[in-house]
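These notes concern the structure reproduced below.
The values are calculated or read from the model by the stated rules, or taken from the named source; none is laboratory data. Note that the coordinates shown come from a computational prediction; the quantities given were computed from them, not determined experimentally. Virtual Cβ from ideal backbone geometry, glycine too; neighbours counted across all protein chains shown. Protein only, heavy atoms only, side chains kept; ligands, DNA and RNA dropped before computing areas. Shrake-Rupley method; radii C 1.70, N 1.55, O 1.52, S 1.80 Å.
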Amino acid sequence: SVYGPYQKLRFLPTGGIVLSNLNDYLNLPNVLACGGSWMVRSELINKGSFEEITQIAKEAVNHMLGFKVAHIGINTLDSTEANTITRTICDLFGLEAHIGDASNFAGTGIEVLKSKYLGNHGHIAIQTNNVDRAINHLIRYGAKFNEETRVTDDNGRTKTIYLEEEIGGFAFHLLQK
């Protein structure tokens, strides 16, 4: 409610935040982060239930990030091979083909690239509620990102970026929901 007259300020709300409304607050353009006593209730502190507090905090982070597999990408050599693979998958499983310039989609979950791109076998796209928050979170676990693949929107927010390392022969990239 104070955003109107103070549009350049960023806020860290803590009152009234619970898991069910956490992302509503985090989706506001003027909210940097959220906190709240719902994660560290006094009775849990008094009982020394630090494992439970840790679990609640992890649940909040997972809810905030909202990771979800968006699609699997298959590398091919050229558009002829990509079109053949797309048609085969669509015919087998009754999926709708979406033919594009750089890639095709078999349904919504399988992207068939018309050339070799990142990843020995292809890539896996992971959607998230906020790519920039996800990047900061994953860096804490040792992830590194390929800055050459970063795509941003008009406001400078990251829409997609690839991790540097492959996992199991697949490149991974984050994708804004």
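Results for (1) surrounded by 19 or more Cβ atoms within 10 Å (Cβ to Cβ); (2) of a type in the set (Phe, Trp, Tyr); (3) within 20 Å of the chain's Cα centre (by Cα), shown as yes or no for each residue.
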residue	(1), (2), (3)
Leu65	yes, no, yes
Ile85	no, no, no
Leu95	no, no, no
Gly109	no, no, yes
Gly119	yes, no, yes
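Looking only at region 28-40, residues that are surrounded by 15 or more Cβ atoms within 10 Å (Cβ to Cβ) and in contact with a Ser or Thr (Cβ under 9 Å, 6 or more places away or on another chain) come to 2 in all.
Pairs linking a residue in region 1-26 that is free of Cβ contacts under 8 Å to residues at least 40 places away in the same chain to a residue that is assigned to a helix (DSSP H, G or I), with Cβ atoms under 8 Å and 6 or more positions apart or on different chains, are Pro13/Tyr25; Thr14/Ser37; Ile17/Tyr25; Ile17/Trp38; Val18/Trp38. Within region 67-83, the residues that satisfy the criterion of being surrounded by 13 or more Cβ atoms within 10 Å (Cβ to Cβ), of a type in the set (S, T, N, Q) and part of a helix (DSSP H, G or I) are Ser79, Asn83. For region 143-165, a residue qualifies if it is under 21 Å from Val69 (Cβ atoms) and either part of a helix (DSSP H, G or I) or open to solvent by less than 90 Å² (accessible area, probe 1.4 Å) (or both), and the qualifying residues are Ala143, Phe145, Asn146, Thr149, Arg150, Val151, Thr158, Thr160, Ile161, Tyr162, Leu163.
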